[in-house]
């Protein structure tokens, strides 16, 4: 992450925030939104735009340099996004990176009510379908808890991550993760 001085730092949250790969908690109201088919959902069609929409008016950890690096990660095939559209307008989304069988979500946004929840729902579903075994949301907050996120200690997270890195998925094109059948 970048701080207010544009210095890139490495942060490791403790506890770590995970979602069950079986899916997020779908409330009655979210279930209704999903049934209404109010939004169109796509994957990997507006990666950079999703990142840019995640920028806040102030206090950003996402910088132009961060967007540039992640756009390159997307170009290489291991950065992915889920986009939510209302007509031709991008109204919600979430992005992150695939490392083996772990998907590490970075940030999400919405411009219409429930659009980020719809994006998260579809991204977790897609990850499960593709064979991911770990969905990392990194930093716990009340909103994520309401969607079914749960905390794990760093030690437990690192154990889960180590196992997940041995899983190969079609979204994982990270040049730094290799799967060794001997492991």
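The values are calculated or read from the model by the stated rules, or taken from the named source; none is laboratory data. If you're wondering where the values come from, they're calculated on a predicted model, not measured in any experiment. Positions of Cβ are generated from backbone atoms using ideal geometry, with glycine treated the same way; all protein chains shown enter the neighbour counts.
Observations, loosely collected:
Table: residues versus (1) within 19 Å of residue 124 (Cβ to Cβ); (2) in contact (Cβ under 8 Å) with a residue 60 or more places away in the chain.
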{"residue": "35", "(1), (2)": "yes, no"}
{"residue": "39", "(1), (2)": "yes, yes"}
{"residue": "50", "(1), (2)": "yes, no"}
{"residue": "66", "(1), (2)": "no, yes"}
{"residue": "69", "(1), (2)": "no, no"}
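- Residue 97 being in a helix (DSSP H, G or I) and closer than 25 Å to residue 160 by Cβ: no
- When we screen 83, 52 for residues that are touching a helix residue (DSSP H, G or I) at 6+ places or on another chain (Cβ under 9 Å) and assigned to a helix (DSSP H, G or I), the only hit is 52.
- Extreme residue, surrounded by the fewest Cβ atoms within 10 Å (Cβ to Cβ), among residues of region 99-127 that are closer than 12 Å to residue 171 by Cβ and in contact (Cβ under 8 Å) with a residue 40 or more places away in the chain: 126
- Lone qualifier among 91, 8, 84, 50 - being over 22 Å from residue 149 (Cβ atoms), surrounded by 12 or more Cβ atoms within 10 Å (Cβ to Cβ) and at pLDDT 95 or above: 91
- Unique residue being closer than 25 Å to residue 131 by Cβ and at pLDDT below 95 when the list is 41, 69, 33, 26: 26
- Of everything listed in (1) within 11 Å of the chain's Cα centre (by Cα); (2) farther than 15 Å from residue 165 by Cα; (3) in a strand (DSSP E or B), the single unmet condition for residue 151 is (1).
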